[in-house]
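The values are calculated or read from the model by the stated rules, or taken from the named source; none is laboratory data. Keep in mind the model is a prediction, meaning the values are calculated, not measured. Here the Cβ is made from the backbone with ideal geometry for all residues, glycine too, and neighbour counts use every protein chain on show. SASA here: full protein model, heavy atoms, side chains in, ligands and nucleic acids out. Shrake-Rupley method; radii C 1.70, N 1.55, O 1.52, S 1.80 Å.
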Amino acid sequence: MNLVSRYLARDDVVLGLNVPDKVRALEEAALLVETHHHINHAPVFRALWRREQSASTGLGHGIAIPHARIPGISEPVILLVRTRLPINFGSPDRQGVSVLLIILVPEHATEEHLQILATVSQMFGDPAFRDQVAVAEEPAAIQRLIGEWTGVSPAAV
């Protein structure tokens with residue numbers, strides 16, 4: 001089990017989210033956090049949107065990693081949302097984004113937050129991993145892919 005899979009519950013993998021843009025995607029993610037984790041959606045959305053306004057969290061290759069510090073939570077919350085259609089996220093490659101991995105960490109988290117971001121960047125830096133996430137049809141399959149990720153691409157072995 002890696003650090004990301006430790007905090008990604010099956011209910012926190014949502015496929016086919018029908019949203020027209022980045023704002024609506026972040027609003028829906030905040031509502032999912034409220035529903036699944038009982039954390040008020042308004043401060044979650046505000047924190048994610050503030051972070052997005054400072055610089056896009058779009059990585060390229062259809063991936064974005066919205067992340068924020070949230071006062072009042074005691075451990076990280078991670079969601080993976082795949083949109084029905086790609087949306088503009090201001091990614092450096094100008095491609096639409098359809099996979100958002102949302103990371104919320106406690107207000108004073110530092111090292112763990114950085115470790116989670118580094119792990120996610122490595123995961124989605126692997127083209128084979130990205131492709132598997134893009135075509136998986138069930139949340140459990142994506143959760144399993146993330147849980148089994150070791151940092152070694154099968155192509156590199």
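Per-structure values
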quantity	calculated
Karplus 3J(HN,Hα) series, Hz, for the range 33-38 with 6.51 cos²θ - 1.76 cosθ + 1.60 (x for Gly, Pro)	4, 4, 5, 8, 10, 6
Antiparallel DSSP beta bridges within the range 1-131, percent to nearest 5	45
Local electrostatic count, LEU79, Cβ distance below 12 Å [Lys/Arg +1, Asp/Glu -1]	-2
Probe 1.4 Å, all protein chains present, accessible-area order of ASP131, ASP126, largest first	ASP131, ASP126
Under Karplus coefficients 6.51, -1.76 and 1.60, residue-wise ³J(HN,Hα) of the range 65-81 in Hz, glycine/proline x	10, x, 8, 7, 8, 10, x, x, 9, 9, 8, x, 10, 10, 10, 10, 10
Kirkwood Rh, angstrom, the range 46-89 [1 / mean 1/r, Cα pairs]	11.9
The chain, Cα convex hull volume normalised per residue, Å³	104
Amide H within-cut-off set for GLY58, under 5 Å, with H built and near neighbours excluded	ILE65
Average accessible surface area per residue within the chain, 1.4 Å rolling probe, Å²	51
Calculated [θ] (222 nm, deg cm²/dmol) that DSSP helices of n ≥ 4 give over the chain, each run adding -39,500 (n - 2.57)	-13000 deg cm²/dmol
Charge dipole magnitude, Cβ of K and R +1, D and E -1 - the chain, Cα centre, debye nearest 20	300
GNM flexibility winner over the chain from ALA29, ALA64, ALA136 (Cα, springs under 10 Å)	ALA136
Accessible surface of the chain, 1.4 Å probe, proportion on carbon and sulfur as whole %	51
